[in-house]
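The values are calculated or read from the model by the stated rules, or taken from the named source; none is laboratory data. Nothing here was measured: the structure is a model prediction, and the numbers come from that model. Counting neighbours? That spans all protein chains shown, and the Cβs are built from the backbone with ideal geometry, glycine included. All accessible areas refer to the heavy atoms of the entire protein, side chains included, with ligands and DNA or RNA removed. Shrake-Rupley method; radii C 1.70, N 1.55, O 1.52, S 1.80 Å.
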Amino acid sequence: MSVLFVTGTGTEIGKTVTTAAIAAAALAQGRSVAVLKPAQTGVTADENGDAAEVERLAGAVRTAELARYPDPLAPATAAARAGLPPVRPEEIAETAAELAASHDLVLVEGAGGLLVRFDADGNTLADAARLAGAPVLVVAQAGLGTLNATALTALALRAYGLRCPGVVVGSWPAEPGLAARCNLTDLPEAAGAPLLGLVPEGSGAMPPQHFRAAARGWLAPELGGSGALRIPS
């Protein structure tokens with residue numbers, strides 16, 4: 001896949017760090033990588049956004065943003081409050097295609113969940129992925145509540161006719177409880193797609209060189225992983 005959209009079952013679940021891990025794995029294989037953040041919210045003009053964080057952790061990736069809004073809200077609401085134009089799905093798909101023309105892998109990181117609105121017409125990341133003809137990776141939480149949220153996200157993907165290559169747990173705890181351990185078995189069934197990664201809790205705080213060295217071990221080969229990923233029993 002040359003273009004991969006990355007969505008989450010919610011916000012603050014490790015989507016950016018997961019994107020960075022996939023980017024680092026691809027770079028380690030000698031592939032060129034671009035990261036597109038269509039709408040960055042909750043960040044001012046002089047602050048680093050999610051794309052910059054991916055670059056910091058993963059290394060030499062090309063980054064791009066289509067819009068930035070200061071309020072930490074859904075893109076449509078943040079754009080309206082700022083009096084700025086919203087991001088349209090056509091812009092996202094076109095920019096992803098342009099980046100794909102000169103990069104081996106383009107990662108498009110959404111804002112929050114799959115159906116968060118980008119504009120007043122109700123367009124979402126799913127609309128952009130459909131226009132781009134790209135698959136959508138789902139980043140999920142580890143513990144209680146994740147099965148329902150993952151199943152709903154997968155249902156929406158199917159309704160849009162989108163392919164989900166798999167699910168990654170975006171913040172796998174160092175000491176997982178019973179629910180998290182059981183979810184490793186149940187998440188593929190909820191998603192209708194395989195479990196493709198476990199990104200350790202706190203990975204975003206690792207020194208970048210350590211992050212890059214470890215990232216491939218967190219991911220399945222389908223995401224550029226080394227094959228060292230082992231699903232705990």
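Points worth noting:
- Those trypsin sites (Lys or Arg not before Pro) in region 1-75 that DSSP places in a loop and that have at most 14 other beta carbons within 10 Å: R31
- Alpha-carbon centroids, region 78-119 and region 170-226: separation in whole Å: 25
- Region 159-200, accessible surface, carbon-and-sulfur percent (1.4 angstrom probe): 54
- Most positive-pole-ward Cα, V54, L147, F118, against dipole of the chain from beta carbon charges: L147
- DSSP beta bridge pairing in the chain, given as percent antiparallel to the nearest 5: 5
- Ligands, DNA and RNA left out, the 1.4 Å accessible surface of region 69-152 is 54% carbon and sulfur atoms.
- A 1.4 Å probe run over region 15-149, with the rest of the protein chains in place, finds 40 Å² accessible per residue.
- Computed over region 47-205, the alpha-carbon pair-distance distribution with 5 angstrom bins reads 2, 8, 15, 18, 19, 19, 12, 5, 1, 0, each value a whole percent.
- Highest average packing first - 213-220, 151-158, Cβ atoms within 10 Å: 213-220, 151-158
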